[in-house]
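Each remark here refers to the structure printed beneath this line.
Derivation of every value follows stated rules applied to the coordinates shown; laboratory data play no part. Predicted, not measured: the structure shown is a model, and the values here were computed from it. Because the Cβ atoms are built from the backbone with ideal geometry, glycine has one as well, and the counts that use them run over all protein chains shown.
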Amino acid sequence: MVGTLNGWDRRADLHKLEMPTLLTFGEFDTMPLDAARRMQDTLPNSRLVLTPDGGHCHNEDNPAAFFKTLYQFLAEVEDGTFKGA
């Protein structure tokens, strides 16, 4: 990381975030799945979803699956039924 955000690290505060959070990763994402699981474990009201047949740009690799996940998340947040996993 370079520029203005170099050295900016808020990981120690993630556990304080209470809003519903959707973490989406591609099945073949370049970011390690362990990192995604750590985020899910740290964020108290989060859900992790893997987009099948997707890489780091899984919203472009498999838009049907990605947007189905996104729409479901938004609907659950709006109607109050979202439960983190």
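For the reader, a short list of remarks on this structure follows.
- In order along region 47-52, the phi-based Karplus estimate (6.51 cos²θ - 1.76 cosθ + 1.60, θ = phi - 60°) of 3J(HN,Hα) comes to 9, 9, 10, 9, 7, x Hz; Gly and Pro are listed as x.
- Rounded to the nearest 20 debye, dipole of the chain from Cβ charges on Lys, Arg, Asp, Glu: 280 debye
- Shown in residue order for region 21-36 are the 3J(HN,Hα) couplings computed by the Karplus curve 6.51 cos²θ - 1.76 cosθ + 1.60 at θ = phi - 60°: 10, 9, 9, 10, 9, x, 3, 10, 4, 6, 7, x, 4, 4, 5, 4 Hz (x for Gly and Pro).
- Rg and Dmax of region 20-79, Cα atoms only, in Å: 11.4, 33
- Fewest-first ranking of 47, 38, 10, using other Cβ atoms within 10 Å as the exposure measure: 10, 38, 47
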